[in-house]
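**Q** Structure incoming, see below.
The values are calculated or read from the model by the stated rules, or taken from the named source; none is laboratory data. The shown structure was predicted, so the numbers you read here are calculated from the model rather than taken from an experiment. With ideal geometry, Cβ positions are generated from the backbone for all residues, glycine too; neighbour counts draw on all protein chains shown. Only protein heavy atoms, including side chains, enter the accessible area calculation; ligands, DNA and RNA are left aside. Shrake-Rupley method; radii C 1.70, N 1.55, O 1.52, S 1.80 Å.
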Amino acid sequence: MNAISVKEYVNLEKERIKGLIQAQSLSLSLGIVQVGHVPSSDAYIKGKMKDANELGIKAVLFHYEEDISEEALAREVVGLGKRKDIDGLIVQLPLPKHINEKAITSLVPSNKDIDGFGIDSPFTPCTPKGIVDYLSDLGFAFRGKNAVVIGRSSIVGKPLSHLLLSKDMNVTVLHSKTTKEDTAFYIAHADLICVAVGHKWLIDHTYNFKKDAVIIDVGINRGEDKHLYGDVEPNMPVYLQTPVPGGVGLLTRLSLLKNLLEAKTHGI
């Protein structure tokens, strides 16, 4: 298996996508809906706009004040979804507490739902897609291997476990109610460990790992020192561990571009 870093892999893939766009003279447009300002969301959006600009994709931010009503936001999303000059439309999460996130994201037309959140979306959610694409290109052998997914969210944990099952892996999903003893047992036998909980260094050096295991750290936690930390303590004794920051976030953004390109070229 080739242990290419996430950053290097993403840069190579972006160049490949840029080449496809230029070769086909494609004009792609991305619409981003944001409500209020959350530092993490601002950072993600800045990154997505940067990616789009690098690849010659038009990215437009539609920003609304935090006190917008759910009804008003719904009208805006429906209107944006109908625009022919927008190929892909995403709603940046989280939304303010008075707005039902599922109700709003479900209003994005399935053919433009490149986040893959809707039940009718033909697109794979970006974070699971990014992880599996990265592992596939590394040459990771999925079939018959043991995977542990810690976290059962509808955005990462659940779709990722389904995606790994489709690769013929033996998948165990752990969560907040799993005992530390059981967690230790499953981790010790895991070839692939994906952690998406949002808890700084939930998995640390007190656990035992296979020396050829791969750890995918999805967590992003901001410490009191303002630094970002993952769900897994750095420098575990494994074959490969994705860093935080500069890891899964880059893969997620890359998958958004891939889904946008698919939406345009396949006319879904």
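**Q** For the pair ASP137 and HIS266, how long in nm is the line joining their label points, each one 7 Å along Cα→Cβ?
**A** With each label placed 7 Å out from Cα toward Cβ, I get 1.8 nm.
**Q** In whole Hz, what ³J(HN,Hα) sequence does the range 46-62 give by Karplus (6.51, -1.76, 1.60; θ = phi - 60°), x for Gly and Pro?
**A** Residue by residue, the range 46-62 yields 4, x, 5, 5, 5, 4, 4, 4, 5, 9, x, 9, 7, 10, 10, 9, 10 Hz.
**Q** Using a Förster radius of 51 Å, what is the FRET efficiency between GLN24 and HIS189 based on their Cβ-Cβ separation? Nearest 0.05, please.
**A** 0.65
**Q** What does the accessible area per residue of the range 157-268 come to in Å², with a 1.4 Å probe and no ligands, DNA or RNA counted?
**A** 50
**Q** If you don't mind, another one. Suppose every K and R has +1 on its Cβ and every D and E has -1 on its Cβ; what is the size of the dipole of the range 189-261 about the Cα centre, in Debye to the nearest 20?
**A** Numbers: 7 positive and 8 negative charges, 57 e Å.
Around 280 debye, computed over the range 189-261.
**Q** Excluding residues on the same chain fewer than 8 positions from LYS177, give the aspartates and glutamates whose Cα lies under 19 Å from its Cα.
**A** Filter leaves ASP204, ASP231.
**Q** Work out from phi, with θ = phi - 60° and the Karplus expression 6.51 cos²θ - 1.76 cosθ + 1.60, the ³J(HN,Hα) of each residue of the range 174-188, listed in order in whole Hz, and give x for Gly and Pro.
**A** Working through the residues one at a time gives 10, 7, 5, 9, 6, 5, 5, 5, 5, 4, 4, 4, 5, 5, 5 Hz.
**Q** Taking θ as phi - 60°, what are the ³J(HN,Hα) couplings along the range 6-21 by the Karplus curve (6.51, -1.76, 1.60), each to the nearest whole Hz, with x for Gly and Pro?
**A** 4, 4, 5, 4, 5, 4, 5, 5, 5, 5, 5, 5, 4, x, 5, 4
**Q** Residues in the range 36-75, backbone N under 18 Å from the label point at ASP85 (7 Å along the Cα-to-beta-carbon vector): list them, ranges by number please.
**A** Those under the cut-off are 53, 56-63.
**Q** Please list, ordered by chain and number, the residues whose modelled amide H lies under 5 Å from the amide H of VAL171; skip anything fewer than 5 residues away on the same chain.
**A** ALA147
**Q** Need the C-alpha centroid separation for the range 110-185 versus the range 1-47, integer Å.
**A** About 21 Å separates the Cα centre of the range 110-185 from the one of the range 1-47.
**Q** Could you check the spin-label model distance between GLU8 and VAL78? Points 7 Å from the Cα along Cα→Cβ, value in nm.
**A** Once both label points are built, they end up 5.1 nm from each other.
**Q** Moving to a separate point now. What are the residues whose amide H is under 5 Å from the amide H of ILE150, where those residues sit 5 or more places off or on another chain and H is modelled from the backbone?
**A** The list, which skips near neighbours in sequence, is LEU174, CYS194, VAL195, ALA196.
**Q** Now, a different point. Structure shown: which of LYS14/LYS264; LYS18/LYS50; LYS97/LYS200 lie over 20 Å apart, alpha-carbon to alpha-carbon?
**A** Too far apart for the 20 Å limit: LYS97/LYS200.
**Q** Separate question: Please compute the volume of the convex hull spanned by the alpha-carbon atoms of the chain and report it per residue in Å³.
**A** Taking the convex hull of the Cα positions in the chain, it is 132 Å³ per residue.
**Q** Using a 7 Å offset from the Cα along the Cα-to-Cβ direction at both ASP168 and TRP201, what is the distance between the two label points in nm, to one decimal?
**A** So the label points at ASP168 and TRP201 sit 4.0 nm apart.
**Q** I've got another one for you. Quick check on the range 1-68: what does the Kirkwood estimate of hydrodynamic radius come out to from the alpha carbon pairs, in Å?
**A** Its Kirkwood hydrodynamic radius stands at 13.9 Å.
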